[in-house]
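Following: one structure in structure tokens, then a few remarks.
Coordinate-derived values only; no laboratory data. Everything quoted here is computed from the prediction, not taken from an experiment.
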Amino acid sequence: MKSVFEQYQEEFHDVMYCCYCCTPQDGKWGCCQENHFVPFQDLYPEDQTAIIEGEIEWAAYQSQKQETANGR
């Protein structure tokens with residue numbers, strides 16, 4: 001069984017990120033006054049970990065927000 005990190009690494013492996021601030025390219029031509037984007041798999045391991053942790057935190061926040069809206 002794969003860990004959560006391994007699952008995210010597979011899911012994001014070809015998503016392009018700014019190599020300076022690690023934000024997704026999302027159709028932008030430039031970021032940080034440059035145009036250097038790299039696939040997720042080419043980012044430093046610590047940057048991959050930070051992105052994955054951010055995604056997990058965002059998902060937890062969204063889930064909690066939904067539960068609050070549903071009166072739970």
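Given 0.36 nm per residue, what is the gain on full extension from Thr68 to Asp26 after removing their alpha carbon distance, in nm? If you can, show how the numbers build up before the last one.
Numbers: separation 42, 0.36 × 42 = 15.12 nm, distance 2.99 nm.
Residue separation times 0.36 nm, minus the Cα-Cα distance, leaves 12.1 nm.
Helix 45-69 and the long axis of the chain differ in direction by around 30°, with both axes built from C-alpha atoms.
Here the contact order of segment 4-69, divided by its residue count and restricted to Cα pairs under 8 Å and six or more residues apart, works out to 30 percent. The H on the amide N of Cys22, modeled in the peptide plane, is under 5 Å from the matching H of no residue at least 5 residues off or on a different chain. Stretching the chain fully between Glu6 and Asn35 yields a gain of 7.6 nm (0.36 nm per residue, less the alpha carbon separation). Amide H contacts under 5 Å for Tyr17: Gln25, Val38, Phe40, restricted to partners 5 or more places along the chain or on a different chain, H placed in the peptide plane at 1.01 Å from N.
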